[in-house]
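Peer 1: Submitted below is the structure of interest, expressed as structure tokens.
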Amino acid sequence: MPRFSALLAPLLCASVLAVPVVQAAKLYRWTDRNGISHYGDRPPGAAPPSEVQVIPFRTEPGAIARLRVQQDGDRYLAWADNSLSGPIEVRLDFTHSNNIAGSPSLPAYATVAARGSAVVAVLSAQDPTRGGDFELSLRSTPGDPAARAQNVDYLLPLQQQQFRIDQGYGGHFSHTEPEHRYAVDFAADIGTPVLAARDGSVMQVESDFDKAGLNLEKFGDRANFVRILHDDGSMALYAHLKADGGVLVRTGQRVRAGQQIGLSGNTGFSTGPHLHFAVQINRGMKLESIPFRMSGPQGPLRLSGGTR
């Protein structure tokens with residue numbers, strides 16, 4: 001946990017305090033004509049003289065926010081840097097404080113614009129005649145807490161002739177928490193085209209996870225997904241996308257309703273291949289799903305009920 005001296009260090013930086021979660025990635029190895037081995041994060045452009053070997057390895061995903069502490073004279077500025085292509089809310093807390101106070105008082109909150117930075121609090125010594133130290137933690141939640149979702153009709157997010165809802169609103173298997181209470185799980189074979197259900201901008205993607213299972217501790221908060229920000233500040237989540245090429249859009253990209261954004265899969269906490277779809281908003285450092293209307297080929301869908 002980062003600790004800072006209030007009177008000594010000229011410039012200090014720290015990463016957001018969070019439990020690291022590992023994800024899968026790939027390393028490519030090949031041998032040239034001289035027998036020298038090469039490694040890279042993508043296969044060679046020209047055909048190598050030997051077969052390319054793919055080596056899976058584990059790496060940490062990037063946090064959606066980064067805590068940065070900068071000295072400014074006899075005070076410290078606590079910055080939050082947003083790595084997402086959409087707004088986030090952050091909460092800054094002391095985990096330890098000795099003769100240090102924040103302005104505003106901690107916990108302090110801030111909304112940070114897409115790819116932007118904001119000073120969350122200014123820290124200074126309560127008694128400037130003596131030293132002090134502090135430790136900070138930063139939590140972050142996607143979305144603007146001031147957003148107000150509109151009541152709109154969403155398109156079916158899958159390109160298939162027939163569809164089946166395996167788990168609807170309030171499904172007891174995994175739709176009991178506020179973040180997923182109004183989610184819908186559509187049965188879909190791996191590789192089924194996933195379509196944007198509404199116009200928006202790609203805010204966040206996860207594309208390198210390749211595991212699935214029912215271990216809630218290992219897979220409960222992991223899956224390949226696309227998060228799309230709508231103009232009213234609500235966000236659509238398309239989750240459990242296919243490993244290896246299941247995400248077909250990039251962050252910051254503008255998409256239209258009906259445009260293909262990915263391929264359905266079976267990654268994360270899942271009993272089998274399906275698409276998990278939810279509309280979410282940030283209700284003050286708390287991500288919650290909200291009810292929505294959706295139409296299919298035969299008209300409005302019944303989204304409640306069903307278990308997976």
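The values are calculated or read from the model by the stated rules, or taken from the named source; none is laboratory data. Keep in mind it's a predicted model, so treat the numbers as computed, not measured. Using ideal geometry, Cβ is built from the backbone for each residue, glycine included, and neighbour counts are taken over all protein chains shown. Please note that ligands, DNA and RNA were not included when accessible areas were found on the heavy atoms of the full protein model with its side chains. Shrake-Rupley method; radii C 1.70, N 1.55, O 1.52, S 1.80 Å.
Peer 1: From (1) modelled with pLDDT of 85 or more; (2) open to solvent by less than 20 Å² (accessible area, probe 1.4 Å); (3) in a loop (DSSP other than H, G, I, E, B), pick out the condition that doesn't hold for Phe209.
Peer 2: Evaluating Phe209 over (1) modelled with pLDDT of 85 or more; (2) open to solvent by less than 20 Å² (accessible area, probe 1.4 Å); (3) in a loop (DSSP other than H, G, I, E, B) leaves (1) as the failure.
Peer 1: Additional query: I'd like the full set of residues that are more than 15 Å from Tyr76 (Cβ to Cβ) and among the aliphatic types (A, V, I, L, M), limited to the stretch 97-117.
Peer 2: Residues satisfying the conditions are Ala110, Val112, Ala113, Ala114.
Peer 1: Oh, and also: Identify, by number, the condition in (1) free of Cβ contacts under 8 Å to residues at least 24 places away in the same chain; (2) open to solvent by less than 40 Å² (accessible area, probe 1.4 Å) that Val90 doesn't meet.
Peer 2: For Val90, the exception is condition (1).
Peer 1: If you don't mind, another one. Going by what's in this entry, would Ala118 be described as open to solvent by less than 30 Å² (accessible area, probe 1.4 Å) and under 18 Å from Ala63 (Cβ atoms)?
Peer 2: yes
Peer 1: Further question: Could you pull out the residue among Ala65, Ala80, Ala113 that is out of contact with any Phe, Trp or Tyr (no Cβ under 7 Å at 6 or more places or on another chain), modelled with pLDDT of 90 or more, under 30 Å from Ser289 (Cβ atoms) and surrounded by fewer than 18 Cβ atoms within 10 Å (Cβ to Cβ)?
Peer 2: Ala113
Peer 1: Under 16 Å from the mean Cα position of the chain (by Cα) and closer than 23 Å to Asn282 by Cα - does that describe any residue in the stretch 91-110?
Peer 2: Within the stretch 91-110 (the criterion being under 16 Å from the mean Cα position of the chain (by Cα) and closer than 23 Å to Asn282 by Cα), the answer is no, since none of the residues qualifies.
Peer 1: Go through the stretch 121-135 and report how many residues are open to solvent by 50 Å² or more (accessible area, probe 1.4 Å) and within 30 Å of Gly252 (Cα to Cα).
Peer 2: 0
Peer 1: Mind checking whether some residue in the stretch 98-108 is under 29 Å from Ile228 (Cβ atoms) and open to solvent by 20 Å² or more (accessible area, probe 1.4 Å)?
Peer 2: Scanning the stretch 98-108 turns up no residue that is under 29 Å from Ile228 (Cβ atoms) and open to solvent by 20 Å² or more (accessible area, probe 1.4 Å).
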